[in-house]
Amino acid sequence: MSKKEIVIEPLARVEGHGGIRVVIEGNKISDVEVRILEGPRLFEELVVGKTPEEDLSIVPRICAICNLSHKYAALRGLEKALGVTIPNVTQEYRHLMHNGEIIESHSLHLYFLALPDFLGYDNAVAMADKYGDVVVKALQLKKFGNKIMRMMGGRMIHGENPVLGGFGKLPSKKALIAIKKEAEELLPFAMATIDLLAGLEIPNHIERETQFLCCKPTHEGYDYYGEFFITSDGKEHPVENYKEVIIERTVSHSFAKRGTYNGAPFTVGAIARIILLRDRLTGQAKEACDKLFNERWHRNPLYNNFAQAVEQVFSLESVISIVDKLLESDTPEIAQRTTETGSGTGAVEAPRGTLIHSYKIKDGKTTYADFITPTAMFLDDVEAFIRTGGENLLANNQMENIELKFEMIVRAFDPCISCSAHLVEVVYK
Amino acid sequence: MTTQEKKAAPKPKIGVYGFTGCAGDQLLIIHTEDELLNLFGSVDMQSFVMASSNPIEGELDVAFVEGSVSTDEEEEHILDIRKRAKILVAMGNCAVGGGPQAMYTGDKKYKERLQKVYGDNVKFFIEPVEAKPLDAYVEVDYYLPGCPIDQKQAFALITRLIHGAVPETNPHPVCHECKLNETHCLLLDKKFCLGPLVAGGCDSVCPSHGLPCVGCWGPIEDGNFKEHFKLLESFGMSKKEITRRIKNYGGHKILQYLENL
Amino acid sequence: MNISKMHENPYNPEPARIVRHYDLIEDHRFFQIRHVDMNRAMSFTYNPGQFIMLSIPGVGEAPFSISSTPSRPGILELGVRKVGTLTESLFQKQDNDIIYIRGPYGNGYKIEQMEKKDLIITAGGLGVIPLRSILYYVLDNRDKFGRVFFLYGAGDSNQFLFRDEFFQLKARNDLDCMYTVDKADKTWTESEGVVTKLFKNLPEIDPQNTIGLVTGPPVMYKFVIDEFLKLKIPKNMIQLSLERRMKCGIGKCGHCALDHLYTCIDGPVFTYWDTQHFRELI
Amino acid sequence: MEKALIESSRNIAIHIAILWVPNMRILKMQPKFLDKFLESLEKFGALYGPVHRNGVMKYDRIESVSELDLSGHQLPMIPVKKLFNPKQFTMLHFNEKGFYPDYSMIEKRVIIGVHPCEIHGVLRLDEIFLNDPADPYYAGLRDNSAIIGFSCWPTESSLCKSAGTDIVDEGFDLFFMNLNEFYLVWVGSSRGYDMIHEREEFFEQEVSHEDMRKYIEWRNKRNEVFKLEIDFGSMPDIMELSHNSEVWDYFAEKCLSCGQCTMVCPTCNCYNVSDVFDVTNETTGRRERTWDSCMFVDYSLVAGGHNFRESRADRLKLWYTHKLKTFGSEYGRPGCIGCGRCVDTCPVDINVVTVSQALISGEVPKE
Ligand SMILES: Cc1cc2nc3c(=O)[nH]c(=O)nc-3n(C[C@H](O)[C@H](O)[C@H](O)COP(=O)(O)OP(=O)(O)OC[C@H]3O[C@@H](n4cnc5c(N)ncnc54)[C@H](O)[C@@H]3O)c2cc1C
Ligand code: SF4
Ligand code: SF4
Ligand code: SF4
């Protein structure tokens, strides 16, 4: 029996430093490891003994791409713990910020990290020759996302502007109007992307049934945050119960913890959200979803990129409607804390899936912190897909370019290695 | 005028590497939409795994390395990069000072923490080591501080290296930019700010948003630590509190400044 | 904006070509440069002791003393030590490459005061670069000056600038050259010790009729001036050329300020008497 | 007390008499015309003036006259010098063929609401930047900017009376003296005259004796308000005599070297120059200039690592030499125009008042 080991390292065009190791014995895959090659950063440990302000400054450093999601999840957790009730307007500003991040992250992933695969290039810059228009527009879209992140975050990455109870500085009306106008201008490109994707063949060699999880929006519409999780088995769980919902364990081949639901791998991220929440879409986002969605989404993670394209449309539309609301509103005050001791769990949908920050605060200092990042949630599922996909490929003798095919699966999930590499099991007595 | 000037500098071979960190510095370069295509056009990009497949790992004119050294594998990797690169640039707070993951540097409790965290039984396929900046292992030619780095400062350095010129450093504190941005000094309201002790280059974003500088550019050599601590203490903060805060992004580099306080 | 009405831009440098270069010693290079515009090259004049601002686009600008003498027009000579950003890039330049210059700036040596007088020209290390200008100026106008003593000291024989050139000068009998190095090796034939040691080799001088000139590293001034004072040379007959950081060369950027004076416009040559008025001169 | 009052009225009367020369006219304006008049100045250039932005008062381009704060009770944080010697700008561009000046920041402007001390500050800067060879950027901005001065009311920190800069008789195109009931308007240049000429209907030619009396009254009242004082006249000697005073060590230990004092001082002019390449491997880029500060460690650093002002004490001494002893190429005339900004700005209370007091008394301030 021949034994073959495929190691892809470093994994290109993902955020952070990772690799894949696949062991093939005969026509069976005996082992799959998505390896996280970055060192542990012990963030949950780092914030212990810190003030909430320091927490808010430190935790976005877990990951640059979704730094504002970390900030947002932390804010939701900390504000619960400290009895801060933010005004609705502040909530809207937070949404604006969050949509900016979704646009930035999705456009980076879709056009620059994933699309080169679909179109057969090493990178997006190489793609520019033939798809110059797309690349230029995509840069513009990403820049737009960044602009919102900078406006609300304070700078492009790790801005300190979102603070407990509000923002250090709010954008001017003029800036808001400019943002809205730009969103309107970019919407047609986001829709054109839907058509571009609709024309692509998605390989079916790696299809397999799985489960999905995401936050349930607090209103009737589609959104990226909530107080409950909904799952593809039709259940709902309060976010506070996250520890019973997502069971975590440590594995030796990565510094990331792994999560399971119902004892099995599950998927989070754009694809999970669209699958679970697509009935809530309206407007052009609904139109986009109708064009792309099909039943294979349930079994094929490569469609995550399609889901991201739909969410781009949704977020651009959201930006427009949020700005409309903000233009009518007064400047909110920064809400103050009402207690120095408490606990709280915040959950948001980061671009690549559900993100949980849970804190215990005593006398104004953090005594316990737990973060679960999307990558930690879906890594098991990534491995499961590689295994199934790999076995299908072996069965059909399609060994050519097998590394690329594996890589594509990992990239489809848009894993965030930095996010996952901070994770540790902290034991407090 | 007759010029025999060479028209353009030869394209340097560049490698961009990410070690342990948030990838924010690499991302910042990718995020520089207006310049990204120009950048790829003016260098010979050999390896930039976050942006492109099929890296070529050979001799380099300049290596930009982000992140701290936090595993034994990374230690080997930085030694290898140093061997191959004529110029090595430490990019971002993690590479320059160790990053937030190095905030407890000096407490000698890393092993303890790690054990507490993962238990005694887990054996990793690569060995984690306490986060250290690049210059704990190899000689670094230039530093790009910041968490994350700033575009303007980064591109000023990168373009100089493209032209084979020596980059300039910024020996001025955050306060310099704070005043250029016409920002009200937080210290005058008896509010915490680390600006005078922290290297400028971020365009004083935090004070410009009415928020204190938390020190993510790392310490500035000329900082008057003693007096600034005294001033912050007069606002009702304890020395312990100030020390803890300045350590958040101070990593390895801050320790020498805190020695004689 | 109507630029024609604008004042001429003194910051705008002119192109010049590197005509020739060679290494003086390690990390010290000699450059001959000429304005690209030949008319400008021939009409460009200056006083010994003045300096130019030299630019390399993208790298920056820095002051360098003119080491040649205006009595030999057309070519400017510089001696440059490689210390940092700009000088690093300058050392990458080849003959025929273009650099940019503006100037001349500063006051230069007080030649009227020197005429008909005996001169003790005292240089330490790199300080010889501006002094070389006045030295050759004097030699080219030899009849206007009295006796000339040229005292030059360097760290060791490998740090001695213009060695061949200066040793040839020893053959002249209208000039008295005395050279020393702090630490002599086998190749060294002249004195050993710091430059002030050379003073005891001087013949009798008439202090009222002698001008002392000194340029060198900051530490050197005090000791050389002491020697001049021992010789009873009046304080206002001791000329020093100073180095300060400067960014404009024309008294705007502030960096070279000394009390109420600017090194770039009121200097770089000062008399020792001037320097008594301000404290941080040396 | 009374004697002092009579004395000062006499001084002012003399002052007015001096000003009442044929080419310096004083007119009168009713407050209701002010906004209309200021709006009309747009013809002479883009309007700038003190406005509140983000909780900070700054000189900025205005969209409407109503934004202006002309109350005169506060000084913008950064002085008007920034409009003549911009904080940061591109001096030159370069490419393979050479350098090219960039004058794009020069525009026609009308700067409204400049306090007397600020005008003195600009006059001091003129001595540096217009001294031959003139700085073309400064000169261009200066030529193209009209200055509309406004009278002000001393703050807690004002020292302009001590510095002799509380009144100004040159350096403006128009100067509005706000006497609440009406404005007295000094015309200081032919451009100022043109401005008035456009809207003559707003101005009364006759200034009565009664008006003049009101002005004197206002001046007297204003003179009473000053809280701080420096004997600038004796400072040059005191500075000279205190060069080795340990007072400097005391301040040096405190100084944070944050450089804020230099940024906010109207007569600080230092700048740094640096080149920036464009992102390409062609030789193109720009030469930029940015405000610098003598409080920074690299200010006097030269080749070979020799630093003439490595110690904070030496850096402070240079600054205070310029503020209290000498300015420009003049000996015996201080650079301080008494705006009081350093008093308001330094986080550790090092300023012209604390330093001069310590030098005079030889004692360091009590903590
Ligand atoms: C009037 C005058 C005449 C000079 N003549 C000569 C000469 O003939 N030959 C020669 O080799 N050097 C001369 N110098 C010194 C020369 O200007 C510096 O060596 C040069 O500026 C260094 O530039 P750099 O960019 O290579 O170094 P940098 O990278 O800028 O810095 C290296 C070191 O030089 C210091 N420095 C930076 N800018 C200046 C500056 N403008 N002036 C002085 N030091 C500075 C830095 O603080 C640092 O310590 C002269 C200086 C002056 C003021
Ligand atoms: S706010 Fe902070 S950075 Fe700004 S001047 Fe004050 S201390 Fe310096
Ligand atoms: S102000 Fe301070 S904390 Fe904020 S970005 Fe700058 S250096 Fe970092
Ligand atoms: S020294 Fe102080 S009071 Fe005087 S002009 Fe400068 S900032 Fe104003």
5 angstrom amide H check on residue C:150, placed H, neighbours 5+ away: C:121, C:176, C:177, C:178
Spatially proximal lysines relative to residue D:81 (Cα-Cα < 17 Å; intrachain offsets below 8 disregarded): B:179, C:252, D:58, D:108, D:323
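What do you get for Rg/Rh over segment B:2-101 if you use C-alpha atoms and the Kirkwood form of Rh?
Reported Rg/Rh (Cα atoms, Kirkwood Rh): 1.03.
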Inter-label distance for residue B:256 and residue A:368, nm, one decimal - labels placed 7 Å from Cα along Cα-to-Cβ: 4.2
Global form of segment D:101-232, assessed from the alpha-carbon gyration tensor, a/c cut-off 1.5: oblate
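Hey, got the average number of other protein chain Cβ atoms within 10 angstrom for residues in D:249-255?
Details: counts 0, 0, 0, 2, 4, 5, 3.
The mean count of partner-chain Cβ atoms within 10 Å per residue comes to 2.
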For residue C:68, residues with placed amide H under 5 Å, excluding near neighbours: C:77
Overall Cα dimensions of segment A:268-321, principal axis frame, Å, largest first: 33, 17, 15
Computed FRET value (nearest 0.05) for residue C:197 with residue B:79, which takes r as the C-beta separation and R₀ as 51 Å: 0.50
Residue exposure sequence - A:53, B:233 - by fewest surrounding Cβ within 10 Å: B:233, A:53
Chain C - percent relative contact order, Cα under 8 Å, separation 6 or more: 17
Trypsin sites (Lys or Arg not before Pro) lying in DSSP loop within segment B:1-103, provided at most 13 other Cβ fall within 10 Å: B:6, B:7
Cα-based reach from residue B:240 at 19 Å (exclusive), listing lysines while leaving out same-chain residues under 8 positions away: A:50, A:362, A:365, B:108, B:109, B:190, B:191, B:226, B:230, B:253
Rg/Rh for the protein assembly as shown, where both radii come from Cα atoms and Rh is the Kirkwood radius: 1.01
Label-point gap, in nm, between residue D:243 and residue D:311 - each point 7 angstrom along Cα→Cβ: 1.4
Other protein chain Cβ atoms within 10 Å, averaged over every residue that makes up D:98-104: 5
Using alpha-carbon coordinates, inclination of helix C:128-140 to the longest axis of chain C, degrees: 80
Over chain B, relative contact order from alpha-carbon pairs under 8 Å, at least 6 apart, %: 18
Options B:165, C:225, A:241, ranked by Cα towards positive dipole end of the protein assembly as shown, top entry (Cβ charges): C:225
Shape of segment B:174-258, Cα gyration tensor, a/c cut at 1.5: oblate
log10 of Debye I(q)/I(0), alpha-carbon scatterers only, for segment C:111-236 at 0.22 Å⁻¹: -1.43
Dipole magnitude of the protein assembly as shown about its Cα centre (Cβ charges: Lys, Arg +1; Asp, Glu -1), debye to nearest 20: 1380
MRE, 222 nm, helices only [DSSP H, n ≥ 4, -39500 (n - 2.57), over the protein assembly as shown, to nearest 500]: -10000 deg cm²/dmol
Relative frequency of Cα-Cα separations exceeding 28 Å in chain B, percent: 40
Residue-averaged beta-carbon neighbours from other chains (10 angstrom radius) around D:134-141: 5
Three principal axis lengths of chain C [C-alpha, angstrom, descending]: 64, 43, 35
Bins of 5 Å from zero: percent of alpha-carbon pairs in segment A:149-258: 2, 8, 8, 10, 13, 18, 16, 14, 8, 2, 0
Debye log10 I(q)/I(0) for chain D, one point scatterer per Cα, at q = 0.09, 0.12, 0.15 Å⁻¹: -0.57, -0.98, -1.38
Environment charge of residue B:174, counting only residues whose C-beta is closer than 13 Å and scoring Lys/Arg +1, Asp/Glu -1: -4
Karplus 3J(HN,Hα) series, Hz, for segment C:27-43 with 6.51 cos²θ - 1.76 cosθ + 1.60 (x for Gly, Pro): 6, 10, 10, 9, 10, 10, 10, 9, 3, 5, 6, 4, 4, 5, 4, 6, 8
For peptides B:242-250, B:20-28, sequence by mean Cβ density within 10 Å, most packed first: B:20-28, B:242-250
Cysteines in chain C that, by Cβ-Cβ distance, have no pairing candidate under 4.7 Å: C:177, C:256, C:264
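How high is the relative contact order of chain D, given as a whole-number percent (alpha carbon pairs under 8 Å, six or more residues apart)? Please list the in-between numbers first.
On the way: 618 pairs, mean separation 74.5, N = 367.
Rounded, it is 20 percent for chain D.
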Cut-off under 5 Å, modelled amide H: who pairs with residue D:60 long-range: D:49, D:51
Karplus (6.51, -1.76, 1.60) ³J(HN,Hα), θ = phi - 60°, over segment A:236-250, in Hz, Gly and Pro reported as x: 10, 9, x, 4, 4, 8, 3, 5, 7, 7, 10, 9, 9, 9, 9
Rounded Å value of the spacing that divides the Cα centres of segment A:173-220 and segment A:34-94: 25
For segment C:159-171, 3J(HN,Hα) per residue [Karplus equation, 6.51 cos²θ - 1.76 cosθ + 1.60, θ = phi - 60°, Hz, x = Gly/Pro]: 10, 7, 7, 6, 4, 4, 4, 6, 5, 5, 4, 4, 6
Folded to 0 to 90 degrees: helix C:220-230 orientation relative to chain C principal axis, Cα: 40
Residue among D:95, D:55, D:72 farthest towards the positive dipole end of segment D:53-95, charges placed on Cβ: D:95
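Return the inverse of the average 1/r over all pairs of distinct C-alpha atoms in segment C:242-282, which is the Kirkwood hydrodynamic radius, in Å to one decimal.
It works out to 10.1 Å.
What number results when the radius of gyration of segment A:43-420, computed over Cα atoms, is divided by 2.2 N^0.38 Å?
The reported ratio for this selection is 0.96.
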Cα centroid separation, segment A:267-297 to segment C:5-68 (Å): 68
Distance violations [Cα-Cα > 26 Å] among A:169/D:227; D:32/D:82; C:116/C:232; A:142/D:87: A:169/D:227; D:32/D:82; A:142/D:87
Low-density loop cleavage sites - chymotrypsin sites (Phe, Trp or Tyr not before Pro) in segment D:231-324, where at most 12 other Cβ are within 10 Å (DSSP): none
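FYI, it's all coordinate maths here, none of it is from the lab. These numbers come from a predicted model, not from an experiment. Backbone-built Cβ (ideal geometry, glycine too); neighbour counts: all protein chains shown.
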